[in-house]
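To start, the structure under review is shown below, and the notes come after it.
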Amino acid sequence: MEQLVDEIAALRRRLGEAVCVMGHHYQNDAIVSFCDVTGDSLELARRVPGIRARHIVFCGVHFMGESAALLASPEQSVHAPAPDADCEMARMAPAAQARATLERLRALGRRVTPLAYVNTTLALKAVVGEFGGAVCTSANAETMLRWALEQGDGVLFLPDRNLGRNTARRLGIGEDEQHTIALDARGLDPAEETRPGLRRRLLLWPGCCPIHDVIPADAVRRAREAFPGCVVAAHPECSPELIDACDGAGSTSYLIKEAQRLAESPTPPVFVVGTEINLVNRLAGRLEGRCRIVPLASDALCPDMAKITLRHLRDCLAAVEKRVAVPLRVDPALAAPARATLDRMLRVCG
């Protein structure tokens, strides 16, 4: 490992300002130590247009690299150290299935605006863009859902049903105004067409993050028993039942700020955090001695984020230096409608 660290450091020195390394908070500490920019999905998207480096090396899952490639200038190239670092949630919403569903909803007389979590493929974003929709992140989901609700007579939130339900609750949208749609391999299940739920304001795609979704709500009770007086917060990709039992919920940026806030209090409580373990461990290390931070689920490791290793980063930087790196390619036919979804989000959220 030491040799890899030395080699990466040497490559960074030689490449200088020609390269910017970006990384998501769920990357391990070894990768984060070489990142020029770290953040959650919203922060990383905001930062891309201001980067001047010729090459962006994006340490995150594939859809994040695609978003960076959409937002980068034509003179820039975006590189993924591990192109096979995918996202299981993103795979739960195939573009063709989403298109067929939206077309059927229109044929049934619904003016539904799609709102896609940014954790989706470029092809899905393009479909959402064609239907006048936008993307959101966990940090701005409330703002973007308000926006989407003003565009038509309803919203199709996809693919994460948990984020959709948790966001709806924060906006005062009751369960009687929500409906999780049923799908078949082609699109909307025909049986849905006669169900009254299909007329509700908020339609939810039946997807989820398998890392957050499997954390049981009972974990909060057990944490309170183990750490009396603790504060518990979790990512809104967790189930509404778990979020209801927490003291707070929000994006990775929110969880970081909350940890820092608690660490500055006169008598910091134990802070129990329900999200991907790399972020929790990093917070625990940074705030050691100031605030005790423990994971709500110690096995909440994203296997796709974990695919990016120091060896991948070294090889990617070496390929950039040798001018043989293959950048992420964006299908020109998908670029404009997909970028429209990101542009709408950035315009609405500033």
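Some points to look at:
- No other residue among VAL112, VAL61, VAL78, VAL57 is surrounded by 23 or more Cβ atoms within 10 Å (Cβ to Cβ) and either assigned by TED's automatic domain parsing to the domain that holds THR167 or without any contact (Cβ under 8 Å) to a residue 12 or more places away in the chain (or both) apart from VAL112.
- Members of the stretch 64-101 found to be hydroxyl-bearing (Ser, Thr, Tyr), modelled with pLDDT under 95 and part of a helix (DSSP H, G or I), listed by number: SER67
- Selection of the stretch 131-164 for residues being closer than 19 Å to ALA69 by Cβ and out of contact with any Asp or Glu (no Cβ under 7 Å at 6 or more places or on another chain) yields ALA134, VAL135.
- Pairs, first farther than 19 Å from HIS25 by Cα in the stretch 260-279, second among the small types (Gly, Ala, Ser), C-beta under 7 Å, six or more apart: PRO269/GLY229
- Taking the stretch 49-94 as the range and being farther than 27 Å from LEU183 by Cα and basic (Lys, Arg) as the test, the residues that pass are ARG52, ARG54.
- Within the stretch 222-252, being among the β-branched types (Val, Ile, Thr) and in contact with an Asp or Glu (Cβ under 6 Å, 6 or more places away or on another chain) holds for VAL231, VAL232, THR252.
- LEU346 being farther than 26 Å from VAL5 by Cβ and not small (Gly, Ala, Ser): yes
- Any helices (runs of 4 or more DSSP H) falling wholly within the stretch 137-255 and containing at least 3 residues that are at pLDDT 95 or above and either touching a His at 6+ places or on another chain (Cβ under 9 Å) or within 21 Å of ARG99 (Cβ to Cβ) (or both): 161-170
- Residue check for VAL324: part of a loop (DSSP other than H, G, I, E, B), among the aliphatic types (A, V, I, L, M), at pLDDT 95 or above and surrounded by fewer than 19 Cβ atoms within 10 Å (Cβ to Cβ): yes
- From the options ARG52, ARG46, ARG104, residue that is closer than 30 Å to GLU192 by Cα, in contact with a helix residue (DSSP H, G or I) (Cβ under 9 Å, 6 or more places away or on another chain), charged (D, E, K, R) and not in a strand (DSSP E or B): ARG104
- Taken over the stretch 286-302, the criterion of being part of a loop (DSSP other than H, G, I, E, B) and more than 10 Å from GLU276 (Cα to Cα) is satisfied by LEU287, GLU288, GLY289, ARG290, CYS291, ARG292.
- Screening ILE308 on (1) of a type in the set (A, V, I, L, M); (2) out of contact with any His (no Cβ under 6 Å at 6 or more places or on another chain); (3) farther than 27 Å from TYR117 by Cβ shows it passes everything except condition (3).
- Some residue of the stretch 270-286 being out of contact with any Phe, Trp or Tyr (no Cβ under 9 Å at 6 or more places or on another chain), among the polar types (S, T, N, Q) and surrounded by 14 or more Cβ atoms within 10 Å (Cβ to Cβ): yes
- Given (1) in a helix (DSSP H, G or I); (2) closer than 19 Å to LEU204 by Cα; (3) modelled with pLDDT under 90, index of the condition LYS125 fails: (3)
- Residue list for the stretch 115-131, restricted to those being over 12 Å from ALA336 (Cα atoms) and in contact with a strand residue (DSSP E or B) (Cβ under 8 Å, 6 or more places away or on another chain): LEU115, ALA116, TYR117, VAL118, ASN119, THR120, LEU124, PHE131
- Of all residues making up the stretch 295-346, the number that are in contact (Cβ under 8 Å) with a residue 24 or more places away in the chain and either closer than 27 Å to THR143 by Cβ or under 17 Å from the mean Cα position of the chain (by Cα) (or both): 22
- Filter result for LEU283 (in contact (Cβ under 8 Å) with a residue 24 or more places away in the chain, in the same structural domain as VAL232 (by TED's automatic domain parsing) and within 22 Å of GLU88 (Cα to Cα)): no
- Scanning the stretch 309-323 for residues that are of a type in the set (A, V, I, L, M) and either in contact with a Leu (Cβ under 7 Å, 6 or more places away or on another chain) or outside the structural domain of CYS20 (by TED's automatic domain parsing) (or both) yields LEU310, LEU317, ALA318, VAL320.
The values are calculated or read from the model by the stated rules, or taken from the named source; none is laboratory data. The shown structure was predicted, so the numbers you read here are calculated from the model rather than taken from an experiment. All Cβ positions, even for glycine, are placed from backbone atoms using ideal geometry, and neighbour counts span all protein chains on display.
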